[in-house]
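So the structure is just underneath, and the comments pick up after that.
The values are calculated or read from the model by the stated rules, or taken from the named source; none is laboratory data. All values derive from a computational prediction rather than experimental measurement. Cβ placement follows ideal geometry from the backbone for every residue including glycine, while neighbour counts extend to all protein chains displayed. Side chains are part of the model used for accessible areas, which takes the heavy atoms of the whole protein and leaves out ligands, DNA and RNA. Shrake-Rupley method; radii C 1.70, N 1.55, O 1.52, S 1.80 Å.
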Amino acid sequence: MEFFLDTGIVSEIKEAVLLGIIDGVTTNPSLIAKTGRKQEDVIREICGLIDGPISAEVIALDLEEMIKEGEELSKIHKNVVIKLPLTEAGIAACKYFSAKNIKTNVTLCFSVNQALLAAKAGATYISPFVGRLDDIGHSGNDLLSEIRALYDNFGFTTKILAASIRHAAHVREAALLGADVGTMPLSVVKSLYRHPLTDKGLEIFIADHKRANS
Ligand code: G3P
């Protein structure tokens, strides 16, 4: 499973790179707004930090503008992935970019039928939002496993990018359900390392080593 960092904050990305397990970055308009910087500047800087897929989202709602914006974004760097909303125009734009071999990430996916449309349009990634589904009492996990079954049935190569991951259990479940990628905040990545028995075991090893060598 690949790990993407879900942030626009460069200092977090620099810190995450040192962990050695981050494969790419996803951003969205809300995450870019938090930086207080221009999207183009943020994306360019991120591309210099990680040699992997970097998702940058279009703002336009109509097809012509989406294509124009996506083309501008793809000029920033070869690793830029065009993030498109799951709308009629977004799916048509996805088809346009896939025909040009430009990578796409179709976002705001909340149903299997939406994931089917993205795959038919040749999306590189589909982003089901597991946390937001859980928030309204639905099951993000059910969606992930149904998309996995659907893509495997037809041999679609679109990668399942589990998004809106809020905690370690989401990562565990997405991995077990066959998501190809999980995108998450740095705090969630860091939480994956922690286990009280690891801390306790390490404390005992260090204490025993000191005792034996004193
Ligand atoms: O990038 C999209 C997604 O990961 C957003 O997560 O926590 O705002 O639902 P969240």
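Kindly provide the set of residues from region 176-214 that are assigned to a loop (DSSP other than H, G, I, E, B) and small (Gly, Ala, Ser), ordered by number. Matches in region 176-214: GLY178, ALA179, SER214.
Look at region 126-142: where a residue is under 12 Å from HIS170 (Cα atoms) and a partner is open to solvent by 90 Å² or more (accessible area, probe 1.4 Å), sitting 6+ places away or on another chain with Cβ atoms under 7 Å, you get GLY131/ARG166.
With respect to SER145, is the statement that it is in contact with a Gly (Cβ under 9 Å, 6 or more places away or on another chain), open to solvent by 10 Å² or more (accessible area, probe 1.4 Å) and in contact (Cβ under 8 Å) with a residue 24 or more places away in the chain true? Yes, satisfied.
Entry remark, region 10-43: residues being polar (S, T, N, Q) and closer than 16 Å to GLY182 by Cβ number 3 in total. Among the residues of region 102-116 satisfying the criterion of being aliphatic (A, V, I, L, M) and either crowded, with 20+ Cβ neighbours inside 10 Å or in contact (Cβ under 8 Å) with a residue 40 or more places away in the chain (or both), which is farthest from the ligand (Cβ to nearest atom)? Applying the filter and picking the extreme gives ALA115.
Does LEU150 satisfy being more than 15 Å from the ligand (Cβ to nearest atom) and open to solvent by 50 Å² or more (accessible area, probe 1.4 Å)? No: the conditions fail for LEU150.
Taking region 155-197 as the search range and keeping residues that are open to solvent by less than 60 Å² (accessible area, probe 1.4 Å) and among the polar types (S, T, N, Q), which one is nearest to the ligand (Cβ to nearest atom)?
Taking region 155-197 and keeping what is open to solvent by less than 60 Å² (accessible area, probe 1.4 Å), we get 155-156, 158, 160-165, 168-171, 173-175, 177-186, 188-189, 191.
Of the ones still in play, those that are also among the polar types (S, T, N, Q) are 158, 164, 183, 191.
Details: THR158: 17, SER164: 3, THR183: 5, SER191: 15 Å.
Going through the qualifying residues, I end up with SER164.
Within region 77-101, can you find the residues that are surrounded by fewer than 18 Cβ atoms within 10 Å (Cβ to Cβ) and of a type in the set (Val, Ile, Thr)? Within region 77-101, THR87 is the sole residue that qualifies. Cβ separations smaller than 6 Å between residues 6+ apart or across chains give the following pairs from region 156-176 residues that are more than 15 Å from LEU186 (Cβ to Cβ) to residues that are assigned to a loop (DSSP other than H, G, I, E, B): THR158/ALA123; LYS159/ASP180; ILE160/ALA179; ILE160/ASP180; ALA162/ALA179; ALA175/MET1. Residue selection: ILE50 fails the criterion of being more than 26 Å from THR157 (Cα to Cα), under 16 Å from the mean Cα position of the chain (by Cα) and aliphatic (A, V, I, L, M). Could you list, in sequence order, the residues of region 133-142 that are out of contact with any His (no Cβ under 9 Å at 6 or more places or on another chain), within 16 Å of the ligand (Cβ to nearest atom) and open to solvent by 20 Å² or more (accessible area, probe 1.4 Å)? Hits for region 133-142 are ASP135, ILE136, GLY137, HIS138, SER139.
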